[in-house]
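Participant: Here it is: the structure, laid out below.
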């Protein structure tokens with residue numbers, strides 16, 4: 001996602017030399033990165049790879065700013081343009097190369113799991129690893145794994161992600177379910193067989209045991225579906 005932002009100015013020291021101290025450039029870049037970094041999920045380590053020599057007119061006070069129109073993805077290798085501004089005008093630019101390494105706690109499988117295997121505490125191990133190059137949907141909160149099952153076979157040591165787990169259905173195909181038919185204040189109960197999987201709020205097809213009629217009904221709770229007749 002692209003995020004627009006205004007260029008940020010950072011006051012730099014006034015010096016007699018015409019070379020901008022690299023530590024000042026590092027400070028500006030570091031403050032910019034930390035201001036736009038989401039650390040709720042991951043920690044970060046900033047490594048500077050290249051800072052070109054940058055000069056300004058001798059004795060002129062100056063400021064530094066990050067001269068980018070969008071915030072780039074703040075992970076892995078990237079470059080940030082740092083402008084030197086004197087009296088409101090850019091007089092130079094330095095392209096700073098850096099690497100942002102990300103670290104976080106993830107959950108991995110403790111053993112191989114079959115497709116549609118419900119996840120239990122015994123199946124899950126937490127680990128702190130480098131996440132710099134990982135897909136962004138890895139799970140960091142164990143509560144996200146409650147009432148979840150796998151979407152495919154997962155080898156032992158697989159990082160659990162939103163894309164390889166799903167909520168366990170309350171109704172499964174071929175389950176014998178209770179069909180509640182509601183019309184006004186009247187409720188009728190009958191037995192039916194589910195023809196597909198469904199989570200709370202989903203609509204599934206069920207076939208009544210008595211008449212063999214197929215009906216679309218909403219999943220209300222575990223092994224219970226409802227049909228509302230206006």
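The values are calculated or read from the model by the stated rules, or taken from the named source; none is laboratory data. Not measured: the values here are computed from a predicted model. Glycine gets a Cβ as well: all are built from the backbone with ideal geometry, and neighbour counts include every protein chain shown.
Participant: Among the residues of the stretch 94-102, is any exposed (fewer than 11 other Cβ atoms within 10 Å of the Cβ) and within 24 Å of residue 26 (Cβ to Cβ)?
Facilitator: no
Participant: In this structure, does residue 132 turn out to be out of contact with any helix residue (DSSP H, G or I) (no Cβ under 9 Å at 6 or more places or on another chain), at pLDDT below 95 and part of a loop (DSSP other than H, G, I, E, B)?
Facilitator: The answer is no for residue 132.
Participant: Also, quick follow-up: Grab the strands (runs of 3 or more DSSP E) fully contained in the stretch 157-230, keeping just those with 3 or more residues being more than 35 Å from the chain's Cα centre (by Cα), surrounded by fewer than 14 Cβ atoms within 10 Å (Cβ to Cβ) and at pLDDT below 95.
Facilitator: 186-194
Participant: Please specify each residue of the stretch 32-56 satisfying the condition of being more than 14 Å from residue 96 (Cα to Cα) and surrounded by 13 or more Cβ atoms within 10 Å (Cβ to Cβ).
Facilitator: Answer for the stretch 32-56, where residues must be more than 14 Å from residue 96 (Cα to Cα) and surrounded by 13 or more Cβ atoms within 10 Å (Cβ to Cβ): 36, 37, 41, 42, 43, 44, 55, 56.
Participant: Search the stretch 116-139 for residues being surrounded by 11 or more Cβ atoms within 10 Å (Cβ to Cβ) and over 30 Å from residue 100 (Cα atoms), and hand back the single one that is nearest to the chain's Cα centre (by Cα).
Facilitator: Across the stretch 116-139, the extreme among qualifying residues is 119.
Participant: Kindly state which strands (runs of 3 or more DSSP E) lie completely within the stretch 1-103 and contain at least 1 residues that are under 29 Å from the mean Cα position of the chain (by Cα) and at pLDDT 90 or above.
Facilitator: Ranges flagged: 43-50, 63-66, 76-86.
Participant: Please pick out the residue among 215, 181, 153 that is in the same structural domain as residue 120 (by TED's automatic domain parsing) and touching a residue at least 24 places away in the same chain (Cβ under 8 Å).
Facilitator: That would be 153, the only listed residue that is in the same structural domain as residue 120 (by TED's automatic domain parsing) and touching a residue at least 24 places away in the same chain (Cβ under 8 Å).
Participant: In the set 97, 120, which member is out of contact with any helix residue (DSSP H, G or I) (no Cβ under 9 Å at 6 or more places or on another chain) and assigned by TED's automatic domain parsing to the domain that holds residue 144?
Facilitator: 120
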